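Enquirer: Just dropping this structure here.
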Amino acid sequence: MLETQTYTITRADLVRYAAASGDHNPIHQDEAVATSVGLPGVIAHGMYTMALAARAVSTWFPGAEVVSFGCKFTNPVVVPAEGGVEVEVAGEAKEADGLTTVALTVTCGGQKVLGMPKAVLRA
Amino acid sequence: MPVDQSLVGRTFPPTAPHPITEEQVRDFVAATGEEYAGGPAPATYPIVLAFDAMNAFLEAESIDLFRIVHGEQKFAYERPVVPGDVLTATLTVGSLRQIAGNDIIGTTSEVTDASGALVCTTSATLVHRGPEA
């Protein structure tokens with residue numbers, strides 16, 4: 001049983017992530033640009049949410065080697081100007097042939113934001 | 001304007017060698033609310049190299065970054081990234097489709113180390129939102 005992890009994302013986190021990752025797309029920082037391309041507001045980098053999913057996996061399986069990791073970005077995580085938004089990461093693990101496959105469920109406000117997130121680990 | 005169909009199958013020049021420092025990994029880890037305790041970089045760290053390649057690709061094709069949203073991302077790892085690595089990414093455009101005024105661009109970037117050995121393969125689907133979308 002993997003304990004569901006809850007993380008809060010703020011606009012300040014997105015600014016730090018942009019600097020650290022090199023993804024300076026303004027849709028992750030500037031409300032006017034985001035809405036101009038039809039987004040509901042400033043959204044988290046998909047890779048930010050995916051990094052949180054990876055963080056949960058490394059919390060559950062410390063030190064495990066990751067063989068593969070992938071997901072679709074199916075719904076945007078809208079991050080408000082004030083406060084933050086919570087993202088929940090749940091997981092289920094199955095073992096086969098020396099590999100552990102973790103099927104994740106990543107939600108924001110009860111809605112799935114990643115499609116088929118899955119990590120394969122060598123424990 | 002739709003993205004040029006002749007891009008499919010094209011491989012772009014390798015990005016400039018990118019030395020990975022502990023400080024860069026620490027900043028990346030801190031941005032997602034954790035403290036870096038040394039050792040391998042997190043699983044999504046190779047996106048830093050993929051962004052180098054994607055930014056060069058978007059610039060070469062005069063595609064506006066703000067019209068791009070990320071559709072899908074996959075990593076297949078040969079080994080984790082560690083500080084001290086000097087990494088390069090080489091991007092290939094694998095597919096291009098137009099759906100409802102948007103371009104769906106499939107890219108694969110191979111991340112290699114200073115010896116030329118493959119570190120990981122990253123596949124990204126980029127959605128280029130048309131002005132009317």
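Enquirer: For region B:5-128, build the charge dipole from Cβ charges (+1 Lys, Arg; -1 Asp, Glu) around the Cα centre, then report which of B:Y77, B:A100, B:F66 sits farthest towards its positive end.
Expert: Of the options given, the answer is B:A100.
Enquirer: Report the charge-dipole magnitude of region B:51-104 in Debye, nearest 20, computed about the Cα centre from +1 at each Lys and Arg Cβ and -1 at each Asp and Glu Cβ. It would help to have the intermediate numbers written out before the result.
Expert: Working: 4 positive and 8 negative charges, 39 e Å.
Dipole magnitude for region B:51-104 comes out near 180 debye.
Enquirer: To the nearest µm²/s, what D does Stokes-Einstein give for chain A at 4 °C and 1.567 mPa s, using the Kirkwood radius over alpha carbon pairs as Rh?
Expert: D, rounded to a whole number, is 86 µm²/s.
Enquirer: Just to compare against my own numbers: the Cα pair-distance distribution for chain B, 10 Å bins, whole % per bin, please.
Expert: 12, 41, 31, 14, 2
Enquirer: Loop only per DSSP, at most 15 neighbouring Cβ atoms within 10 Å: give me the trypsin sites (Lys or Arg not before Pro) in region B:1-93, ordered by residue number.
Expert: Loop-located and lightly packed - B:R10.
Enquirer: Pairs of alpha-carbon atoms within less than 8 angstrom and 6+ residues apart define the contacts here; what relative contact order does region B:5-128 have, in percent?
Expert: Relative contact order here is 32 percent.
Enquirer: If you don't mind, another one. For the residues A:L114, A:L14, A:L99, A:L39, what sequence is obtained by ranking on other C-beta atoms within 10 Å, fewest first?
Expert: Listed from fewest to most nearby Cβ atoms, that is A:L99, A:L39, A:L14, A:L114.
Enquirer: Next question, about the same structure. Place +1 on the Cβ of every Lys and Arg and -1 on the Cβ of every Asp and Glu in chain B, take the dipole about the Cα centre, and give the residue among B:P40, B:V29, B:Q5 whose Cα lies farthest towards its positive end.
Expert: B:Q5
Enquirer: With +1 on each Lys and Arg Cβ and -1 on each Asp and Glu Cβ, and nothing else charged, work out how big the dipole of region A:49-123 is about its Cα centre, in Debye to the nearest 20.
Expert: Value, rounded to 20: 180 debye.
Enquirer: Shifting gears a bit: With n ≥ 4 as the cut-off for DSSP H runs, can you work out [θ] at 222 nm for the protein assembly as shown, using -39500 (n - 2.57) per run divided by the number of residues, rounded to the nearest 500?
Expert: Rounded to the nearest 500, it is -6500 deg cm²/dmol.
Enquirer: I would also like to ask the following. What angle do you read, to the nearest 10 degrees and between 0 and 90, between the alpha-carbon axis of helix A:46-60 and the longest principal axis of chain A?
Expert: Relative to chain A, helix A:46-60 is tipped by roughly 30 degrees.
Enquirer: Could you tell me how far the Cα centroid of region B:60-133 sits from the Cα centroid of region A:56-123, in Å?
Expert: Cα centroid of region A:56-123 versus Cα centroid of region B:60-133: 20 Å apart.
Enquirer: So, one more: For chain A, what does the relative contact order come out to in percent, with C-alpha contacts under 8 Å and a separation of six or more?
Expert: That works out to 30 percent.
Enquirer: Now a separate question. Return a whole-number percent for the relative contact order of region B:53-119, with Cα pairs under 8 Å and 6 or more residues apart as the contact set.
Expert: On the way: 68 pairs, mean separation 19.6, N = 67.
In percent, rounded to a whole number, it is 29.
Enquirer: Which of the GluC sites (Glu not before Pro) found in region B:1-101 are in a DSSP loop and have at most 11 neighbouring Cβ atoms, other than their own, within 10 Å?
Expert: B:E35
Enquirer: Sorted from fewest to most neighbouring beta carbons within 10 Å, what does the list B:F57, B:F28 look like?
Expert: Sorted ascending by nearby Cβ count, the order is B:F57, B:F28.
Enquirer: Another question, then. Given Cβ point charges of +1 (Lys, Arg) and -1 (Asp, Glu) and nothing else, what value in debye, to the nearest 20, does the dipole of the protein assembly as shown about its Cα centre take?
Expert: 520 debye
Enquirer: Rank these for me by crowding, A:L104, B:L65, going from fewest to most other beta carbons within 10 Å.
Expert: Details: A:L104 22, B:L65 14.
With the fewest neighbours first, A:L104, B:L65 line up as B:L65, A:L104.
Just so you know, all these numbers are worked out from the coordinates, no wet-lab data involved. Remember, predicted model here, so these are calculated numbers, not experimental data. FYI the Cβ positions are ideal-geometry reconstructions off the backbone, even for glycines, and counts take in every protein chain you see.
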